[in-house]
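The values are calculated or read from the model by the stated rules, or taken from the named source; none is laboratory data. On a predicted model such as this, the values are computed, not experimentally measured, just so you know. Here Cβ is always computed from backbone atoms with ideal geometry, including for glycine, and neighbour counts include all displayed protein chains.
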Amino acid sequence: MCARTRRCALRSSRRCARRRLWRPRRCGPLHPSGRRQVHLRSSKKPVAGALDAGLRLVAQRSHSRFELRRKLGRRGYAEAEVDAAVARLVELRYLDDRLFAEGHVRRRSATRGPLALSAELAARGIDRSLADGAVQGFDPEAQLAAATRLVERLAGRKSFAGYRELLDSAGAKVLRRGFSPGTVRTACRAVWERTTTTREA
């Protein structure tokens with residue numbers, strides 16, 4: 001191949017490269033200068049408003065105002081729009097921190113004591129007075145019954161040498177779930193006495 005042929009091949013490849021360059025679609029109206037305006041199509045889809053997003057979230061499960069505000073903020077909505085959406089949902093009674101706290105205590109009281117429940121409500125932004133009022137509905141008798149069931153479940157079919165061993169094993173786990181030391185000791189004592197009676201029978 002001669003030098004002229006190589007130059008022609010190089011020139012041809014450059015022309016093909018220029019032809020392959022992407023050019024925006026000219027679809028706009030004529031500009032006063034006589035040129036058409038170029039509109040580039042955006043790939044972004046329209047985003048629903050904060051109120052619509054909040055309605056979808058509360059339809060899935062109940063939320064506190066703090067939880068919903070945080071989720072909407074993470075989705076990129078402006079603070080003013082989030083405030084307006086939360087206020088509207090409170091007005092429509094889709095958001096109620098008192099009802100949320102009471103429902104949370106009912107759902108979690110089977111496996112959590114009052115101390116853990118108060119901490120969970122605080123983490124969800126519930127006011128201290130509302131949290132205390134909801135936890136007060138978890139009366140001492142219900143706490144003892146829940147702690148006793150937990151001790152029985154955690155002890156399982158294990159054999160313990162005495163009450164102290166049961167307290168150190170299963171009782172320590174129940175204590176970490178937010179039950180008071182007195183409630184845990186009473187629950188372990190009841191389970192131990194029941195186990196001893198069953199063995200003797």
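Each row is one residue, and each column tells you yes or no for (1) in a helix (DSSP H, G or I); (2) in contact (Cβ under 8 Å) with a residue 60 or more places away in the chain; (3) in the same structural domain as ALA123 (by TED's automatic domain parsing).
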| position | (1), (2), (3) |
| --- | --- |
| ARG56 | yes, no, no |
| PHE66 | yes, yes, no |
| ARG70 | yes, no, no |
| GLY73 | yes, no, no |
| TYR77 | no, no, no |
| VAL82 | yes, no, no |
| PHE100 | yes, no, yes |
| GLY103 | yes, no, yes |
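In the stretch 164-178, which residues are touching a Gly at 6+ places or on another chain (Cβ under 9 Å) and assigned to a helix (DSSP H, G or I)?
Once the filter is applied, which keeps residues that are touching a Gly at 6+ places or on another chain (Cβ under 9 Å) and assigned to a helix (DSSP H, G or I), the stretch 164-178 yields ALA170, VAL174, LEU175.
Return yes when SER129 is hydroxyl-bearing (Ser, Thr, Tyr), in a helix (DSSP H, G or I) and either at pLDDT below 95 or surrounded by fewer than 14 Cβ atoms within 10 Å (Cβ to Cβ) (or both) and no when it is not.
yes
Can ALA172 be described as crowded, with 16+ Cβ neighbours inside 10 Å and either at pLDDT below 95 or under 21 Å from ARG108 (Cβ atoms) (or both)?
In short, no.
Please go through (1) surrounded by 20 or more Cβ atoms within 10 Å (Cβ to Cβ); (2) under 26 Å from ARG176 (Cβ atoms); (3) of a type in the set (Lys, Arg) for ARG69 and return the number of the only condition it doesn't satisfy.
Condition (2) is where ARG69 drops out.
Give the residue that is farthest from SER64 (Cα to Cα), with candidates limited to residues of the stretch 132-163 that are small (Gly, Ala, Ser) and either assigned to a loop (DSSP other than H, G, I, E, B) or in contact with a Phe, Trp or Tyr (Cβ under 7 Å, 6 or more places away or on another chain) (or both).
The qualifying residue farthest from SER64 (Cα to Cα) is ALA161.
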